[in-house]
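S.K.: The structure that follows is given in the form of structure tokens.
The values are calculated or read from the model by the stated rules, or taken from the named source; none is laboratory data. The structure displayed is predicted, hence computed values, not measured ones. Note that each Cβ is placed from the backbone with ideal geometry, even for glycine, and that neighbours are counted across all protein chains shown. Remember, those area values only see protein heavy atoms, side chains included, never the ligands or the DNA or RNA. Shrake-Rupley method; radii C 1.70, N 1.55, O 1.52, S 1.80 Å.
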Amino acid sequence: MPLRVGMVSLGCAKNLVDAEIMLGALAGDGLDITSDPATADAIIVNTCSFIDAAQEESVDAILEQAALRDASLRNQAIVVSGCLSQRYRDELRDLLPEVDAFMGVDQVREAPAIVREAVRRRREQPDRPPPRRTRTGIRSAAGAGGPASAGPAVTVSRRPSYIPDYTTPRFRLTPPHYAYLKIAEGCNHPCSFCIIPRMRGSHRSRPEDDVVEEARRLLDEGVRELNLISQDTTYYGLDLGVRPAGTGNPSSPARFAAASGARPADAPNLARLLRRLNRLPGEFWIRVLYTHPAHWTDELIGTFAACDKVVRYVDLPLQHIDEVMLQRMRRETSRAHVETLIGRLREQIPGLALRTTFIVGFPGETEGQFAGLVDFIRAARFERLGVFPYSREVGTVAGRMQAQVSDQEKARRLEAAMLAQREVARSITDASVGRSVRVLVEGPATPADWLRSGLSPGGGKGAEAGSRVVARQPADAPDIDGRVFLRGPLEAGRFVDVRLVRSADYDLEGEVVA
């Protein structure tokens, strides 16, 4: 019987693609993929370590799997992959002795060999006693797992360099009608709060032809929405070919514009890639996620406006608007640059939906600076917005800063910022009622979907199980934005035209039109 492997994947869409590559490699090497942990010979926990909360979630998931294994599945191996492995490469043996093997982000294609070895080691030591812990978390007591010879194996590159290509097998975990397409890996930005460059390495773009070929294959498989992702999609292509001398690391708007302008007209960049993808046959959407405000060019704005398959949706994480905070965050942008860019985007891309994220409680953020951010949220009227409390991360510049804000104050500011955005969002959804829009059907709506939406099914009319579906309009990215509820049943992956008839804070209800 082939080995059976289960997967728990945490974190962002970029991490999800890594999970899909691991599962594709496992299936291609003759291992079975299972969604039932009780039948698995090995479980891979693909972890996130971007902020402390994600890190603790990853550790809790690992310890939960270990507890299940120790209770009834003594031969089951646990393999930990992803950012947690990468970040704590040198400490893993002591920190998490429950694990049989660790692998880094460079080793996703090596998953079959690592899993087989982990299973072999586990079967040789099925009665290894579990460590004694007084609390959970990555900072738990070291050395609890017994002799080093019985501890986990660690296969983690110190500086990641891997990037997939179109021949890389993937076992997709998204619904059949949409997929994430990773166009680059790593990051060159100096943001003071972020650990990603240390975990993921320097920015490295995939060749343009390679991305287009993978997109073509995904469309042939029935995908109707391509979600382009990387740590910074607007940086795409700048590392391909010869970089003009004297540009250094072009992270600021001026340096990026100079470096882009000095390249040949046919040099790869995001705008050129989008135009090529837009020419592929068929009806589908192209959505671009994770753009940086320092790297928008006139060419890119014009491409968004001209390409009919590129949805009018700009994901533009700003993190703050106060000048001092932007400098302390090392965001390489000013308030004036951000406000000018937003004006250009809204003016030149008709029907644009603009999404951003902000960090509250960054070290040194005063009450006045926070109040200015809330005022900006109300004035800018972002169609989509998320707010996160600052997470103090070891190894970052911001983690060493003075004037750290208390957790209680960060929570208060988070609530206040989201209340301001809720007012904006409600007015935007209210104004949408009566409009016609094309949507992509996701699938049946569950009672929990209705409960979260704030839209009651309405007196039982059409509310019976299976008679309502969830869809997304161009302004809604998968998993993070609002949804449109429709009378069903309608097939998932189908485009339909609807008239919006009812609104809640973030979601809408629509009626299908001929």
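S.K.: Could you check what % of the DSSP bridge pairs in the chain are antiparallel, to the nearest 5? Walk me through the numbers on the way to the answer.
M.R.: Working: 20 of 61 bridges.
Taking every DSSP beta bridge with both residues in the chain, the antiparallel ones total about 35 percent.
S.K.: What angle, in degrees between 0 and 90 and rounded to the nearest 10, separates the Cα long axis of helix 407-432 from the longest principal axis of the Cα atoms of the chain?
M.R.: 40
S.K.: Let me ask something additional. May I ask you to derive the FRET efficiency for ARG487 and SER427 from their Cβ-Cβ distance with R0 = 22 Å, giving the value to the nearest 0.05?
M.R.: Numbers: r = 26 Å, r/R0 = 1.18.
E(calc), rounded to 0.05, equals 0.25.
S.K.: Classify segment 1-119 as rounded, prolate or oblate, taking a ≥ b ≥ c as the square roots of the eigenvalues of its Cα gyration tensor: rounded when a/c is under 1.5, otherwise prolate if a/b is larger than b/c and oblate if not. Mind dumping the intermediate values first?
M.R.: Numbers: a/c = 1.58, a/b = 1.19, b/c = 1.32.
Note, shape of segment 1-119 comes out oblate.
S.K.: On the accessible surface of the chain, probed at 1.4 Å, how many percent belong to carbon and sulfur atoms?
M.R.: Answer for the chain is 52 percent, counting heavy atoms of protein chains only.
S.K.: Further question on the same structure: Quickly rank 168-176, 30-38, 265-273 as a protection proxy: mean count of other C-beta atoms within 10 Å, highest first. Could you put the intermediate results ahead of the total?
M.R.: On the way: 168-176: 16.6, 30-38: 13.2, 265-273: 18.6.
Going by the mean number of other Cβ atoms within 10 Å, highest first, we get 265-273, 168-176, 30-38.
S.K.: Could you pull out every residue, at least 5 positions away or on a different chain, whose amide H is within less than 5 Å of the one on ILE43? Hs are placed 1.01 Å off N in the peptide plane, and Pro or chain starts have none.
M.R.: Correct list: GLY6, ALA77, ILE78, VAL79.
S.K.: Another one. Karplus couplings for segment 272-289 from phi (6.51 cos²θ - 1.76 cosθ + 1.60, θ = phi - 60°), rounded to Hz, Gly and Pro as x?
M.R.: So the Karplus estimates, Gly and Pro as x, are 4, 4, 4, 5, 5, 5, 5, 7, 5, x, x, 9, 7, 9, 10, 10, 10, 10 Hz.
S.K.: Right, here's the next one. In terms of the Cα gyration tensor, with a ≥ b ≥ c the square roots of its eigenvalues, is the chain rounded because a/c is under 1.5, prolate because a/b exceeds b/c, or oblate? Can you show the working numbers first?
M.R.: Numbers: a/c = 1.43, a/b = 1.27, b/c = 1.13.
Taking the square roots of the gyration eigenvalues as a ≥ b ≥ c, the chain is rounded.
S.K.: Around LEU31, which amide H atoms from residues at least 5 apart in sequence, or from another chain, sit under 5 Å from its own amide H, with H modelled in the peptide plane?
M.R.: none
S.K.: Please give the FRET efficiency for GLN327 paired with ASP32, using the beta carbon to beta carbon distance and R0 = 41 Å, rounded to the nearest 0.05.
M.R.: Efficiency at R0 = 41 Å is approximately 0.20.
S.K.: Rounded to whole Hz and in sequence order, give me ³J(HN,Hα) for segment 33-39 from the Karplus expression 6.51 cos²θ - 1.76 cosθ + 1.60, θ = phi - 60°, writing x for Gly and Pro.
M.R.: Going residue by residue, I get 9, 10, 9, 9, x, 5, 9 Hz, with x marking Gly and Pro.
S.K.: Is the shape of segment 351-477 rounded, prolate or oblate, going by the alpha carbon gyration tensor and its root eigenvalues a ≥ b ≥ c, with a/c under 1.5 for rounded and a/b larger than b/c for prolate?
M.R.: Working: a/c = 2.59, a/b = 2.12, b/c = 1.22.
Prolate shape, in that a/c is at least 1.5 and a/b is the bigger ratio.
S.K.: Where in the chain lies the longest segment free of GluC sites (Glu not before Pro) that are both loop residues by DSSP (not H, G, I, E, B) and have at most 13 other Cβ atoms within 10 Å? Can you show the working numbers first?
M.R.: On the way: sites that count: GLU91, GLU221, GLU283, GLU464, GLU491.
Between the exposed loop sites, the longest stretch runs 284-463.
S.K.: Let me ask something else. How much area per residue is accessible in the chain when the probe is 1.4 Å and only protein heavy atoms are counted (Å²)? Before the final figure, lay out the partial values.
M.R.: On the way: 21290 Å² over 514 residues.
For the chain, the per-residue accessible area is 41 Å².
S.K.: When we measure straight from the Cα of LYS14, which aspartates and glutamates land under 17 angstrom away, once same-chain ones fewer than 8 places off are left out?
M.R.: The qualifying aspartates and glutamates are ASP106, ASP165, GLU185, GLU214, GLU225, ASP232, ASP315, ASP479.
S.K.: Still on this structure, I have one more. Counting helices only, and only those DSSP H runs with n ≥ 4, report the 222 nm mean residue ellipticity of the chain as the sum of -39,500 (n - 2.57) divided by its residues, in deg cm²/dmol to the nearest 500.
M.R.: On the way: 15 runs with 173 residues, N = 514.
-10500 deg cm²/dmol, from helical runs alone.
S.K.: With each label point set 7 Å from Cα along the Cα-Cβ vector, what nm distance links ASP308 and GLN402?
M.R.: Roughly 6.1 nm, to one decimal.
S.K.: What is the set of long-range amide H partners of SER503 at a cut-off below 5 Å, with H atoms built 1.01 Å from backbone N?
M.R.: Residues meeting the amide H criterion: GLU509.
S.K.: Also, quick follow-up: Convert each backbone phi in segment 188-195 into a coupling constant with the Karplus relation 6.51 cos²θ - 1.76 cosθ + 1.60 (shift: θ = phi - 60°), then list the ³J(HN,Hα) values in order as whole Hz, x for Gly and Pro.
M.R.: 10, 6, x, 3, 6, 9, 10, 9
S.K.: Another question about this same structure. Within segment 16-50, what residues put their amide N at less than 15 Å from the label point 7 Å along the Cα-to-Cβ vector of ARG123?
M.R.: 31-32, 40-43
S.K.: On to the next question. For MET1 and ARG275, calculate 0.36 nm times their separation in residues minus their Cα-Cα distance, and state this gained length in nm to one decimal.
M.R.: 93.9 nm
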